[in-house]
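Visitor: Mind looking over this structure? Questions follow.
Values in this text are rule-based calculations from the coordinates and carry no lab data. Since the model is a prediction, treat every value here as computed from it, not as a measurement. Neighbour counts are summed over all protein chains in view; Cβ atoms, including those assigned to glycine, are modelled from backbone coordinates with ideal geometry.
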Amino acid sequence: MKISAEKGDSKSVVKQLAKYTNSQFDEKALRKYKGVNHIHVEELKSIAITKLAKLYNEKIPYSFGCEVEIHDIPKIVNIFGLVRIIGIAFDNAIEESQNLIKRTGDNNSAKVDAMYYQEDGNFEFKIRNRISKGTTLSPNVLSQEGYSTKQHHTGIGLASVKRIESKYEEFMLINYEIKNGWFTFELEIIPDNESMEED
């Protein structure tokens, strides 16, 4: 909201949002958003802030990194499809973390690490979260339509990711794995070199 308001030069809206933000987040919380200052793509910045705020409010230990300035993503990929994938990945990590905390009674049993990265025109997103010990499900099974580890759940999350990925199979690489008590999700978008040469 604040990003959009600043674009429209609505000073009063920005002021109100800043006041609300200061009342909702303490100094420690704001330090944890430091990496988002390097993100200059509004949609990528907004989804990161939204999900980090949820992690903070749920008291789930987390880290977020973005060490390089990100001004754009390869134009071959629809930004809304990308944001949907990132949102699903964050939501899965948050939900599993909530379940883990509920089972153990310990917030520190959960952890979510996420990052954005860009180099040579590509874009990378990586997120990992702790999972219950002994979980060894194959990623191929996890992405099947209708499969879910959650009772009474349709399991559309990773299947939706798979559908979006299939539209950009030459330019979008997605990998996920379960290993050593972590679920790791990685996404990379490779620039369309022909389009870059035309520009």
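Visitor: Would you please give the residues with an amide H less than 5 Å from that of TRP182, counting only those at least 5 places away or on a separate chain, with H modeled from the backbone geometry?
Guide: Close amide H contacts, sequence-distant or interchain: ILE131.
Visitor: Please list, in chain and number order, the residues 5+ apart from SER63 or on another chain whose amide H is under 5 Å from its amide H, with Hs placed from the backbone.
Guide: VAL112, ASP113, ALA114
Visitor: Turning to a different aspect of this structure: Beyond a 24 Å Cα-Cα separation, which of these cross-linked pairs lie in this structure: LYS75/LYS179; LYS45/LYS102; LYS34/LYS133; LYS54/LYS126; LYS54/LYS75; LYS34/LYS54?
Guide: LYS75/LYS179; LYS45/LYS102; LYS34/LYS133; LYS54/LYS75
Visitor: For a protection proxy built on the mean count of beta-carbon atoms within 10 angstrom, sort 88-100, 177-189 highest first, please.
Guide: Order by mean packing, descending: 88-100, 177-189.
Visitor: Once phi is turned into θ = phi - 60°, what whole-Hz ³J(HN,Hα) does the Karplus curve with 6.51, -1.76 and 1.60 give for every residue of region 115-129, x standing for Gly and Pro?
Guide: Result, rounded to whole Hz: 7, 10, 8, 9, 7, 6, x, 7, 9, 10, 10, 9, 9, 9, 9.
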